[in-house]
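The values are calculated or read from the model by the stated rules, or taken from the named source; none is laboratory data. This structure is a prediction, so every number in the text was calculated from the model and none was measured. So basically every Cβ, Gly included, is an ideal-geometry build from the backbone, and we count neighbours across all protein chains shown. Note: areas computed on protein heavy atoms with side chains; ligands, DNA, RNA excluded. Shrake-Rupley method; radii C 1.70, N 1.55, O 1.52, S 1.80 Å.
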Amino acid sequence: MHPPEPLARTFATLLLVTATALGCGTPGTAQDTRPEPTFAPEDLRFDLFIYGADLDAGEHEVFLRTNLDFGGEWESLGSISTHGTGWGTAVVANLSAHRYFGQDFREMYLDLKIATSENADGARIAAIYAVPHVPGIDRHLDRINRLIENDPGTVEAASIASHVQPAPATLRPGAEVVEHVRAPMKHELPGVAEVKQLQVEWRNRGQ
């Protein structure tokens, strides 16, 4: 089970939107007139933006669940930090859409978990975005922060998937928060989806 063709087309379109919004060079810009890139499913890479307050590297760890082709297990992406007090963006870059999208055959989303240590105090999260990977994205943290704070619609428009809290959620010490970061696309008809899921589960049982 890999991301469907619509997701590849979405990547090709949104890569340009993302890079333009962040002021990065990318194929298709005025400085580079090459055609937009195309992607095979295994080539799709994305960056994860987690917008929150007081996220500390020693206190908060982020996980994504792989899809069934890769075992359906939680995988740690490491600790996250907003690099100082107050609101900011933690970025986890260059992740595989082939590995993490496709949790369900009819809906596209990422399964994300944040684990908080016992000694943490008062961190909050407000939004999570998955955007097409832009090399050197971590050099644009200040601009990412300004966009999320002042023009969140641009960030959401450039995202493959997003989750925005109605109100900031507090990360309680010793607790885990699980969110579905949803992509606005459906890709299988009822019936076809269930048959494919049974095939994958049967194959996994035989391993």
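What GluC sites (Glu not before Pro) does the range 56-140 have in DSSP loop regions with at most 16 other beta carbons within 10 Å? The partial results should precede the final answer.
On the way: sites: 59, 61, 73, 75, 107, 118; in loops: 59, 73, 118.
Of the GluC sites (Glu not before Pro), the ones in loops of the range 56-140 whose Cβ has at most 16 other Cβ atoms within 10 Å are 73, 118.
Using the Kirkwood formula on the Cα atoms of the range 59-160, what hydrodynamic radius do you get, in angstrom to one decimal? Intermediate results must be reported in sequence, preceding the final value.
Details: mean 1/r = 0.0665 Å⁻¹.
With all distinct Cα pairs of the range 59-160 included, I get 15.0 Å.
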statement: Log10 I(q)/I(0) at q = 0.14, 0.22 Å⁻¹ for the range 128-169, from Debye over equal alpha-carbon scatterers, is -0.32, -0.79
query: Which value, in Å² rounded to 10, gives the accessible area of residue 129 with a 1.4 Å probe and all protein chains present?
result: 10
message: If I compute solvent accessible area with a 1.4 Å probe over the protein chains, what percent of it on the range 51-186 is carbon and sulfur?
response: 45
Projected label distance in nm at residue 169 and residue 124, using a 7 Å step from Cα toward the beta-carbon: 1.5
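Fully extended, how many nm does the chain gain between residue 75 and residue 139 (0.36 nm per residue separation, minus their Cα-Cα distance)?
Working: separation 64, 0.36 × 64 = 23.04 nm, distance 2.54 nm.
Extending this stretch completely gives an extra 20.5 nm.
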